[in-house]
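In what follows, a single structure is set out as structure tokens and then discussed.
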Amino acid sequence: TPGSALDGWAREELAVSAAWRALGTSPEGNPANGDNFDMASPSYRHVQRLNLLRQAYFGNFGLERCDELTMPNIGFREVLAFSRGCSDDAMIVLLANFHAEETRDFSYPSPWGEGTQVRDILKARGALEVAVGAGGAIAVSLRPLQVLVLAEGAARTLPVVVAGVSPRHDSRVNVSATASDFRIELRFDREVRADSVWGKVRIDRGAVPSTWTCAAEEWAEGCATYSARVDPADLPEGAHTVEVDAGVEALDGTMTFANFSSSFVVGRERHVVSDPRIREQPGLICRFLTELCHNAPGASWMRIKNVGGEWTEWMKYASTTPWTAHSNRTVLVQYHVAGSAGYIVGDCLIHRRQRCHASYHPEMFLRHDANKWGLLDEGRMTLVDHYTWAVNMSFDRFVQAKFAPFPNWDKSYGKHKARSMLYQLPTFDARASSFWSDPFYDGTEAIREFMVKKGHWQGHESVVSGTGDASPLWLSYECNQATPYPAGMSVVDWQCYRYAPGQDQEWCKTVGEDENYMYTFNNRSQYMGDCGMCDCCQKVKPPELSQQNKTCCILFNDLLLNYTVTSDTSLCQAVDISLAPPFEDIMLQGHLFYSMGMAVVWCVFPFAVAVIGVVRKRRQSVVRMRFSPDQVRKVRGVASIWTRPRALASAAPADSDSDSGALQAAGQGIAQAALAQEVKIMHPERVLFASLEHVIEHEHGREKAIAGGLGKVAGLMCRYHPGALICVTA
């Protein structure tokens with residue numbers, strides 16, 4: 001079964017992926033609007049080319065010489081430069097500028113002789129070509145973050161690879177099932193043999209019939225682009241794959257060395273698979289809170305949970321699922337489609353068609369140092385939109401805060417600590433002493449700075465982390481995401497400071513502080529924090545208080561883990577919720593209307609049966625027994641009958657298949673025997689009238705007795721405990 005994609009780092013990836021979808025689009029589309037499994041993407045093909053170059057120039061690294069590196073000192077600490085090779089005719093020189101803003105010009109002493117032509121083998125087309133100068137020196141000018149890999153002569157031939165596919169990977173295609181045909185294209189980086197393609201390319205693992213033909217108008221043995229016409233009726237809604245097996249042969253004799261796979265989604269209707277931006281589905285909860293009606297064509301697995309509860313195990317996808325939902329409580333469903341578990345929808349139903357906002361957590365709190373982290377005020381937030389919690393907050397300084405979904409600290413969301421990505425070399429490497437690069441940082445603040453710098457965010461948005469070591473995030477009194485110091489810096493601990501040109505130990509001892517930082521010379525004490533072995537240490541100056549108190553609206557998305565701080569407090573007001581589908585649209589599926597009707601019938605039917613039984617009982621409740629006047633008396637308001645002795649009474653049958661018939665026969669038999677034999681009544685015996693109403697008539701009058709609801713009890717007594725007691729019942 002698939003992984004969760006919601007726990008640990010995987011959930012962070014889900015949030016970051018959603019953040020990258022905010023990137024501006026180009027005429028060719030949004031390059032970030034897709035997953036990371038695109039084998040035709042520029043980043044994948046770059047890594048693929050590096051591996052092929054490594055294999056072409058170094059083979060399997062079977063010689064000791066392959067591990068020998070030559071690295072002369074070129075005078076720039078941010079430039080990594082070395083030469084390496086397994087043989088004299090397979091030497092390469094790597095030159096990389098790790099400075100993010102400045103160009104580096106230098107001369108590198110290469111292993112080649114003067115006049116040798118070398119070229120950058122990283123570039124397949126338009127590669128830089130230079131001639132080696134006197135003494136083997138190569139004059140180089142490296143732009144910020146530029147990398148060159150130089151090799152002698154023409155670049156070696158690399159294996160053929162798939163260069164592109166249409167529809168592109170993870171794209172959504174709205175192809176009508178009634179269309180005449182649908183075209184799929186494959187593009188290689190060079191011409192390949194047609195007979196090799198025919199046996200190596202499949203759609204949906206061969207389930208969809210396809211015939212691949214060369215797209216060129218004129219061709220002999222093969223071409224670079226192939227296409228196949230597919231009947232749209234063979235492409236149902238959902239994900240479909242295009243696969244190319246290893247071994248496709250190019251006209252130059254090389255072959256693809258690895259399998260290729262790409263997928264696209266056919267979406268004729270709008271649902272979570274055809275549009276991953278959908279996170280809530282009206283009508284997901286159906287059949288009077290007893291089932292879930294899914295709409296994720298192409299999903300293979302799914303799992304479910306009521307918010308506040310636990311996820312089920314992964315189960316096979318089905319259109320409907322028996323499920324006990326609760327009023328005003330979100331139900332979440334996660335689907336697994338084509339290798340991705342990033343398809344999540346929720347629904348929340350109150351009554352009939354009235355819905356509520358869906359959320360990943362049942363409640364949310366904003367805790368910060370101003371409310372003593374929840375001790376002065378719990379900081380409860382309000383659910384104003386699907387997965388979106390809001391609160392208006394007034395403050396006049398930078399505030400550290402965390403989002404917490406529970407009254408305790410079992411879970412919280414804050415800032416993922418900035419982690420420096422140092423491209424340093426191990427200390428045992430001789431190059432470590434002369435190479436140093438200023439660190440880049442990852443983490444939530446680094447992401448925010450990048451998005452703002454590139455113009456994709458406006459300064460109010462950011463992301464959070466739910467990892468256990470997440471630190472408090474900053475809330476700015478300016479109602480934006482500005483922080484009091486850059487990513488990676490601290491107001492608490494001293495950190496290492498690298499001298500800029502013109503700075504030295506004397507500068508560090510005398511400068512004191514500038515606009516943003518404080519500086520001190522490292523005395524190697526325990527109070528120097530993370531300064532390490534650096535001579536000069538720096539620490540961010542604490543932020544100053546503002547003279548103006550501002551009210552900001554703070555919004556937090558508990559599914560995608562992003563939040564917004566803005567001065568527009570109207571955004572913290574609840575938005576309207578669409579209604580659930582009308583009854584006439586879902587009645588045939590057995591939704592609320594059908595279920596409520598069945599509930600009414602279920603309640604009324606037993607009552608109707610009971611009423612009919614009572615009416616029939618009353619019709620049979622009058623027992624006519626004739627006695628002489630002295631045989632019927634009233635004793636304390638209860639009718640009694642003078643009967644014959646116990647011996648005669650015991651002769652009456654006590655057990656029968658029919659209680660009412662046996663008891664009635666018993667009563668009438670005793671009375672008739674007493675009259676016919678003129679037996680003298682020795683003592684009175686109490687008669688238990690065990691039905692709703694009994695009337696005893698005689699010559700001089702009429703007696704009526706009512707026994708209430710004792711009928712069932714009396715019947716059981718007379719059946720299983722016979723005696724002198726006369727039981728009269730219908």
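The values are calculated or read from the model by the stated rules, or taken from the named source; none is laboratory data. What you are looking at is a predicted structure, and each value in this text was computed from that prediction instead of being measured. Glycine gets a Cβ as well: all are built from the backbone with ideal geometry, and neighbour counts include every protein chain shown. Ligands, DNA and RNA are stripped out before the accessible areas are found, and what is left, the full protein with its side chains, is counted by its heavy atoms. Shrake-Rupley method; radii C 1.70, N 1.55, O 1.52, S 1.80 Å.
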Rolling a 1.4 angstrom probe over the protein chains, ignoring ligands and nucleic acids, what is the accessible area of Glu102 in square angstrom, nearest 10?
90 Å²
Residues of region 502-562: accessible area per residue at 1.4 Å, in Å²?
59 Å²
Ranked by accessible surface with a 1.4 Å probe, highest first, in what order do Ser83, Ser43 come?
Ser43, Ser83
Rounded to the nearest whole Å², what accessible area per residue is found for region 247-372 with the 1.4 Å probe?
39 Å²
Could you order the peptides 295-301, 350-356 from most to least packed, using the average number of other C-beta atoms within 10 Å per residue?
295-301, 350-356
For region 34-136, which whole-number percentage of the solvent-accessible area (1.4 Å probe, protein heavy atoms only) is attributable to carbon and sulfur atoms?
48 percent
Quick one: which of Lys415/Lys509; Lys402/Lys550; Lys417/Lys539; Lys411/Lys454; Lys415/Lys453; Lys417/Lys550 span more than 25 angstrom between C-alpha atoms?
Lys415/Lys509; Lys411/Lys454; Lys417/Lys550
Give me the accessible area of Phe605, 1.4 Å probe, in Å² rounded to the nearest 10.
140 Å²
Ignoring any ligand, DNA or RNA, what whole percent of the accessible area of region 242-400 comes from carbon and sulfur when the probe is 1.4 angstrom?
48 percent
From the protein chains alone at 1.4 Å, what is the descending order of accessible area for Glu449, Glu313, largest first?
Glu313, Glu449
Normalised by the residues of region 77-236, what does the relative contact order come to in percent, with Cα pairs under 8 Å and at least six apart?
18 percent
Which order do Val173, Val273 take when ranked by solvent-accessible area (1.4 Å probe, heavy atoms of all protein chains), largest first?
Val173, Val273
If you average the alpha carbon positions of region 145-188 and of region 494-556, how far apart do those two centres end up, in angstrom?
49 Å
Taking every other residue with Cβ under 13 Å from the Cβ of Arg229 and scoring Lys and Arg +1, Asp and Glu -1, one gets -3
Quick one: which of 217-228, 128-139 comes out on top by average Cβ neighbours within 10 Å, and what's the full order, highest first?
217-228, 128-139
